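The values are calculated or read from the model by the stated rules, or taken from the named source; none is laboratory data. Keep in mind that what you see is a predicted model, and the values were worked out from it rather than measured. Don't worry about glycine lacking a Cβ; one is built from the backbone with ideal geometry, like all the others, and counts go over all protein chains shown. In case anyone asks, the SASA skips ligands and DNA or RNA and just uses the protein heavy atoms, side chains included. Shrake-Rupley method; radii C 1.70, N 1.55, O 1.52, S 1.80 Å.
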Amino acid sequence: MFVGHYSAALAAKAAEPRAPLWSYVIGAQLLDVGWATFIMTGLEKAAVDESLPGSPLILYRMPYTHSLPAAVAWSVLGGVVAKYALKLPRRAAVAMGLVVFSHWIGDLIAHRPDLKLWWHGPEVGLGLWNFPVAEEAVEIGLLAVAGIFWTAWRVRNGRRAWPAAVFMTFLVAGQIFALTAPEGGGKIQMGLVTLAAYVAAAVVAWLVERGPVDAGERLPAT
Ligand SMILES: [Zn+2]
């Protein structure tokens with residue numbers, strides 16, 4: 001799952017707008033930010049089988065980012081960083097923790113069983129990747145529903161709708177790129193491309209929230 005994860009960020013922004021959008025956007029992929037880093041260092045491992053439907057990834061070792069206890073720990077970390085580093089109100093920090101954890105739920109739906117329930121526990125995953133058309137429909141559908149709520153929230157608060165459309169177009173373009181680009185190229189390339197995609201999404205989110213600000217827009221840019 002890629003863009004589907006961002007539906008949690010957009011929904012959170014509409015429900016608890018005191019956290020900047022870029023932080024929710026990073027939070028929604030925080031587990032994968034850790035995964036991309038750990039893949040490069042060899043702490044977690046993956047293989048590629050292009051014959052697999054949906055994603056060609058075989059994620060056979062990722063206890064530190066995608067096991068259930070790790071996901072809970074990263075979610076707590078996200079909330080703590082939001083509260084003490086970003087100095088956000090408690091409710092926004094809780095929203096951040098939920099956004100971070102939503103990544104595991106999204107992966108639970110999409111992944112083949114590769115998410116450990118506990119350290120040496122069974123691996124779970126509903127395997128929607130095995131049905132690529134349905135998986136894409138779920139991802140884009142989640143993004144569309146959350147995007148509509150978020151855009152409506154923006155408009156209600158005097159912000160323009162079109163930057164929201166630009167952000168969602170960027171995300172869907174990223175999904176199409178991820179679908180068509182060949183996987184692999186080594187663990188360093190895989191990690192760097194993943195990190196670059198998540199940083200790019202956060203930068204675009206920052207730009208979308210920052211402007212354009214004109215006299216008709218009541219909210220300060222955050
Ligand atoms: Zn993931």
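Considering the conditions (1) aromatic (Phe, Trp, Tyr); (2) within 14 Å of the ligand (Cβ to nearest atom); (3) open to solvent by 40 Å² or more (accessible area, probe 1.4 Å); (4) within 25 Å of ARG210 (Cβ to Cβ), TRP22 is excluded by exactly one of them, (2).
Out of LEU88, LEU98, one residue alone is in contact (Cβ under 8 Å) with a residue 60 or more places away in the chain and over 26 Å from GLU135 (Cβ atoms). It is LEU88. For the range 128-142, a residue qualifies if it is of a type in the set (A, V, I, L, M) and surrounded by 15 or more Cβ atoms within 10 Å (Cβ to Cβ), and the qualifying residues are LEU128, VAL138, ILE140, LEU142.
Against the conditions (1) open to solvent by less than 70 Å² (accessible area, probe 1.4 Å); (2) in a helix (DSSP H, G or I), VAL145 satisfies every one except (1). Any residue that is more than 16 Å from the ligand (Cβ to nearest atom), buried (at least 21 other Cβ atoms within 10 Å of the Cβ) and more than 26 Å from ALA173 (Cβ to Cβ) - is there at least one of those in the range 117-127? Within the range 117-127, none of the residues are more than 16 Å from the ligand (Cβ to nearest atom), buried (at least 21 other Cβ atoms within 10 Å of the Cβ) and more than 26 Å from ALA173 (Cβ to Cβ). Taken over the range 83-114, residues that are within 21 Å of GLN175 (Cβ to Cβ) and open to solvent by less than 70 Å² (accessible area, probe 1.4 Å) amount to 13. Of all the criteria given as (1) touching a Leu at 6+ places or on another chain (Cβ under 6 Å); (2) of a type in the set (Val, Ile, Thr); (3) at pLDDT below 95, the one not satisfied by ILE58 is (1). Only residues that are open to solvent by 20 Å² or more (accessible area, probe 1.4 Å), within 30 Å of ARG18 (Cα to Cα) and in contact (Cβ under 8 Å) with a residue 40 or more places away in the chain were counted across the range 36-76, and they come to 4. Contact map, the range 201-216: first residue part of a loop (DSSP other than H, G, I, E, B), second residue modelled with pLDDT of 75 or more and surrounded by fewer than 16 Cβ atoms within 10 Å (Cβ to Cβ), Cβ cut-off under 8 Å, separation 6 or more or different chains; pairs are GLY216/GLY158.
Tallying residues that are over 23 Å from ALA181 (Cβ atoms) and either touching a Ser or Thr at 6+ places or on another chain (Cβ under 9 Å) or more than 15 Å from the ligand (Cβ to nearest atom) (or both) within the range 43-68 yields 1. Note on the range 109-121: residues that are touching a Gly at 6+ places or on another chain (Cβ under 7 Å) and over 13 Å from THR65 (Cα atoms) total 3. Within the range 29-42, the set of residues being within 12 Å of the ligand (Cβ to nearest atom), among the β-branched types (Val, Ile, Thr) and within 17 Å of the chain's Cα centre (by Cα) comprises VAL33 only.
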